[in-house]
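Worksheet for the structure shown next.
The values are calculated or read from the model by the stated rules, or taken from the named source; none is laboratory data. Computed from a predicted structure; not experimentally measured. We place every Cβ from the backbone using ideal geometry, glycine too, and count neighbours over all the protein chains shown. Keep in mind that these areas ignore ligands, DNA and RNA; they rest on the heavy atoms of the full protein, side chains included. Shrake-Rupley method; radii C 1.70, N 1.55, O 1.52, S 1.80 Å.
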Amino acid sequence: MADPFRTLAWDDFRLVKAVAEAGGLTGAAAALGIAHSTAFRRLGQIEERLGTLLFERHRTGYAATPAGEEMVALAERVDGDIAAFTRRLAGQEIQPAGELRVTTSEALLVHLLTPIFAAFRRQCPEVRLDVVIADAALNLSKRDADVAIRATDTPPEALVGRRAARIGWALYGPRGAGAAVPWVSLNETFAALPVVKAERARVPANRVVYRLNSLSGLAEAIASGIGQGHLPCFIGDRREDLVRLSDPLPEFAADLWLLTHRELRHSARVRVFLDFVAAELRTRKPFIEGEA
């Protein structure tokens with residue numbers, strides 16, 4: 001014999017809930033847009049399958065039995081879940097559109113990401129990019145930005161994302177320079193970087209003749225002949241006026257992360273953007289890591 005509960009459909013729960021709310025068949029039938037006779041017949045069929053009365057019939061209306069009350073409570077929970085799901089679905093973009101705020105560093109933007117962003121705009125013209133250059137990580141939980149593209153080995157635990165590559169660093173000098181070349185370096189703004197710590201420990205202070213807080217400026221300084229210095233390979237290797245003086249140095253490498261807030265990871269524009277940028281960075285991975 002078939003389990004009677006397996007034959008119940010959501011429409012059966014809706015009918016029982018409507019009868020309880022209306023206190024009778026007339027109001028329930030009107031609420032569901034069905035005939036009174038149909039409501040009467042279906043309620044009888046449900047009670048027959050379950051083998052129990054769901055309502056006590058009185059001249060003043062229908063009163064739910066304990067079994068009926070339990071079925072109504074379940075129907076209300078399911079109805080609430082369906083409504084919540086519908087609201088969430090309605091809040092998701094079917095096609096990626098709208099504004100997307102992205103934070104990254106100037107070096108990453110200028111030397112690596114801008115062509116990728118341009119390609120993304122061609123593919124998703126309805127998404128408007130608002131790019132915020134900041135070397136300090138913005139607070140994505142407060143919606144300072146929707147996506148962060150960062151070089152870090154310790155991404156914030158509150159964020160989710162993917163590691164796209166490991167940024168290689170090497171020593172570069174001006175092309176054609178002699179042997180006794182002084183040093184150029186990043187200043188205290190980047191004091192936390194392993195490369196800056198190592199330079200301060202290994203390079204005599206009087207040999208560092210030029211410090212600044214810009215990787216782009218550092219590359220220009222080296223190319224201008226001011227001195228030698230360490231650069232990310234994606235900056236140094238693309239310049240014909242620089243020469244690499246070392247292999248990539250693993251102790252200075254850092255992971256390149258694409259990050260977003262947990263609540264934003266299912267947003268259509270965030271998801272499409274992260275997938276697109278990750279795919280583009282994969283094609284550039286040897287270049288980013290200093291292998292090319």
- [ ] Restrict the check to the stretch 172-190 and report whether at least one residue is in contact (Cβ under 8 Å) with a residue 60 or more places away in the chain, in contact with a Lys or Arg (Cβ under 7 Å, 6 or more places away or on another chain) and surrounded by 14 or more Cβ atoms within 10 Å (Cβ to Cβ).
- [x] yes
Open item on the list: in a strand (DSSP E or B) and within 21 Å of ARG101 (Cβ to Cβ): is that true of LEU274 in this structure?
Closed with: no
- [ ] For residues that are surrounded by 13 or more Cβ atoms within 10 Å (Cβ to Cβ) and touching a residue at least 40 places away in the same chain (Cβ under 8 Å), scanning just the stretch 39-62, find the one that is nearest to GLY23 (Cα to Cα).
- [x] TYR62
Task: Hey, ILE235 open to solvent by less than 20 Å² (accessible area, probe 1.4 Å) and closer than 16 Å to ARG163 by Cβ or not - done: no
- [ ] Please state which of the following conditions LEU259 fails to meet, knowing it meets all the rest: (1) surrounded by 17 or more Cβ atoms within 10 Å (Cβ to Cβ); (2) aliphatic (A, V, I, L, M); (3) not in a strand (DSSP E or B).
- [x] (3)
Open item on the list: Need the failing condition index for PRO115 against (1) outside any helix (DSSP H, G or I); (2) modelled with pLDDT of 95 or more, just the number.
Closed with: (1)
- [ ] Starting from the stretch 143-159, keep only residues that are among the polar types (S, T, N, Q), then list their pairs with residues that are assigned to a strand (DSSP E or B) and open to solvent by 40 Å² or more (accessible area, probe 1.4 Å) whose Cβ atoms are within a distance under 7 Å, requiring at least 6 positions of separation or different chains.
- [x] THR152/TRP257
Open item on the list: So, restricting to helices (runs of 4 or more DSSP H) that lie completely within the stretch 1-80, which ones have at least 2 residues that are of a type in the set (Lys, Arg) and under 47 Å from the mean Cα position of the chain (by Cα)?
Closed with: 10-22
TODO: Scan the stretch 214-229 for residues that are of a type in the set (D, E, K, R) and more than 14 Å from ALA107 (Cβ to Cβ) and jot them down.
DONE: none
TODO: Only residues that are outside any helix (DSSP H, G or I) and either among the basic types (Lys, Arg) or surrounded by 17 or more Cβ atoms within 10 Å (Cβ to Cβ) (or both): list them for the stretch 244-253, please.
DONE: ARG244, PRO248, LEU249, ALA253
TODO: Return the total of residues in the stretch 1-29 being modelled with pLDDT under 90 and not charged (D, E, K, R).
DONE: 8
Open item on the list: open to solvent by less than 20 Å² (accessible area, probe 1.4 Å), modelled with pLDDT under 95, touching a His at 6+ places or on another chain (Cβ under 8 Å) and not small (Gly, Ala, Ser): which single residue out of LEU140, LEU100 fits that description?
Closed with: LEU140
- [ ] Those residues that are open to solvent by less than 50 Å² (accessible area, probe 1.4 Å) and either modelled with pLDDT under 95 or out of contact with any helix residue (DSSP H, G or I) (no Cβ under 6 Å at 6 or more places or on another chain) (or both), I need them from the stretch 220-230; list them, please.
- [x] ALA221, ILE222, ALA223, GLY225, GLY227, GLN228
